[in-house]
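In what follows, a structure is listed as structure tokens, so that the remarks can point back to it.
The values are calculated or read from the model by the stated rules, or taken from the named source; none is laboratory data. Being a predicted model, the structure only gives us computed values, none of them experimental. So basically every Cβ, Gly included, is an ideal-geometry build from the backbone, and we count neighbours across all protein chains shown. Just so you know, the surface numbers come from the protein's heavy atoms only, side chains and all, with ligands and any DNA or RNA stripped out. Shrake-Rupley method; radii C 1.70, N 1.55, O 1.52, S 1.80 Å.
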Amino acid sequence: MSIRDVYIVDAVRTPIGKFGGALAGVRPDDLAAHVVKALVDRTPALDPARVDDVYFGDANGAGEDNRDVARMAVLLAGLPVTVPGVTVNRLCGSGMEAVIQAARAVALGDASVAIAGGVESMSRAPWVLQKPERAFPAGHQQLHSTTLGWRMTNPRMPAEWTVALGEGAELVADKHGLTRDRQDAFALTSHRKAAEAWAKGLYDDEVVPYEGVDLARDECIRDSTSMEALAKLKPSFRPTGGTVTAGNSSPLNDGAAALLLVDEEGLRETGREPLARIRTSAVTGIEPQLFGLGPVAAVRRALDKAGRSFADLTTFELNEAFAAQALGCLAEWPELDPEIVNPRGGAVAIGHPLGASGARLAGSVAHQLAAAGSGTGLAALCIGVGQGLALVLER
């Protein structure tokens, strides 16, 4: 069996909405359907019935995104009912996991044309109620928020593994001596780069606004923020001596992203020039409380598999779950030029809709490689509960 080349023909995403913001009134299955439909509409030469499968990442799946949101997106987008869909979950890495699984299917010949993406509505994530241990309980019952983080935790899990995500970022800051000022400066740079990228029109080919919603740009970008403004924010997880704040962390968000993946035959049918080609991927594990450093080993493994080094990279999209987490990873890659990392801003400014972020990163790298004309790009994320995921693209 020969391994086929896998091409990214196109990549789209919604503007990223803030928690309770412009996209809060839109169901996650509708967000997913929107990017799927936009992707198909942008390639009119391709018969939608030729899509062999749709892979979508979704981290929560506890609300309106239940019952296989990928399949719901197919139906809501108006694709033929013969097009199947599967939903995957690797928490924050779910969108990238969808891309990797779709690429693997194309590479092995199980599919010629596939759509991969991710979606999350953190605004609309429901509260859930566990069933009682016995019938007819008389007391009050506990509702659990599914927006973010640990819930209904297994008591057999060691306590040091189940710390809050922000405390995990504090542990990375401790490990690498990352001061509050360094984290705030990183956050400020993320906002400035994102605002500049939007002002230059660098997201015009990538972002597809949701019809009927007044949101043309990522909602959490703060053009006017400053070190002085960031310094006024209180630590969110360690009241005394803490360094992680709302200002140097990614916010809670809503959004969706999708990519069109094809083999050579599928590429001919689209009649388009590909943005990039998928080269390799890698996933690794780490102690759960140090999840923020999950990408460190995954990135090295993906580059090794591709026969590439940091010096070969044209661009690198690293998800900024927290400034401390991103800075901790950068500290462990001394060979990497930090200037190529997140050139159009990162998740601290753009946002982190959990299941969509990995697809957003992969799509952004593909568009950046297309703009450059050639090169090697890398996308990577940390993942709650201690994993890292990385993807290498080339053009």
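For ILE278, the conditions (1) closer than 30 Å to ALA111 by Cβ; (2) among the β-branched types (Val, Ile, Thr); (3) open to solvent by less than 10 Å² (accessible area, probe 1.4 Å) are fulfilled apart from (3).
In region 276-288 there is no residue that is farther than 23 Å from ALA331 by Cβ and in a helix (DSSP H, G or I). The lone criterion from (1) open to solvent by less than 30 Å² (accessible area, probe 1.4 Å); (2) over 23 Å from LEU252 (Cβ atoms); (3) in a loop (DSSP other than H, G, I, E, B); (4) not basic (Lys, Arg) left unmet by ALA103 is number (3). Looking for something touching a His at 6+ places or on another chain (Cβ under 6 Å) and β-branched (Val, Ile, Thr) - is there at least one such residue anywhere in region 128-150? Checked against the condition, which is being touching a His at 6+ places or on another chain (Cβ under 6 Å) and β-branched (Val, Ile, Thr), region 128-150 yields at least one hit. Got at least one residue in region 186-204 being assigned to a loop (DSSP other than H, G, I, E, B), at pLDDT below 95 and surrounded by fewer than 16 Cβ atoms within 10 Å (Cβ to Cβ)? Among the residues of region 186-204, not one is assigned to a loop (DSSP other than H, G, I, E, B), at pLDDT below 95 and surrounded by fewer than 16 Cβ atoms within 10 Å (Cβ to Cβ), which makes the answer no. Scanning region 41-99 for residues that are closer than 21 Å to ILE383 by Cα and of a type in the set (D, E, K, R) gives ASP58, ASP65, ARG90, GLU97.
Among the residues of region 62-71, those that are open to solvent by 30 Å² or more (accessible area, probe 1.4 Å) and either within 10 Å of THR87 (Cα to Cα) or of a type in the set (Val, Ile, Thr) (or both) comprise ASN66, ARG67, ASP68, ARG71. Could you tell me whether region 253-261 includes any residue that is touching a residue at least 40 places away in the same chain (Cβ under 8 Å) and open to solvent by 10 Å² or more (accessible area, probe 1.4 Å)? For region 253-261, residues touching a residue at least 40 places away in the same chain (Cβ under 8 Å) and open to solvent by 10 Å² or more (accessible area, probe 1.4 Å): absent. Among the residues of region 20-38, just one is open to solvent by 50 Å² or more (accessible area, probe 1.4 Å) and closer than 25 Å to ARG104 by Cβ, namely LYS37. Being open to solvent by 40 Å² or more (accessible area, probe 1.4 Å) and within 18 Å of LYS18 (Cβ to Cβ) holds for only one residue in ASP214, ASP174, ASP181, and it is ASP214. The one condition from (1) more than 20 Å from THR284 (Cα to Cα); (2) open to solvent by 10 Å² or more (accessible area, probe 1.4 Å); (3) β-branched (Val, Ile, Thr) that VAL385 does not meet is (1). Take SER357 and decide whether it is over 23 Å from TRP161 (Cβ atoms), among the hydroxyl-bearing types (Ser, Thr, Tyr), at pLDDT 95 or above and open to solvent by less than 10 Å² (accessible area, probe 1.4 Å). Criteria not met by SER357. Set side by side, the residues ASP5, ASP47, ASP41 differ, and just one is open to solvent by 60 Å² or more (accessible area, probe 1.4 Å) and under 18 Å from GLN101 (Cα atoms), which is ASP5. Comparison of LEU303, LEU378 shows that the only residue that is open to solvent by less than 10 Å² (accessible area, probe 1.4 Å), assigned to a strand (DSSP E or B) and at pLDDT 95 or above is LEU378.
Scanning region 142-171 for residues that are open to solvent by 70 Å² or more (accessible area, probe 1.4 Å) and within 27 Å of ASP223 (Cβ to Cβ) yields a total of 1.
Quick one: in region 8-19, of everything that is of a type in the set (D, E, K, R) and surrounded by 23 or more Cβ atoms within 10 Å (Cβ to Cβ), which residue is nearest to ALA257 (Cα to Cα)? Out of the qualifying residues, it is ARG13. Scan region 72-100 for residues that are surrounded by fewer than 21 Cβ atoms within 10 Å (Cβ to Cβ) and of a type in the set (Gly, Ala, Ser) and the total you get is 1.
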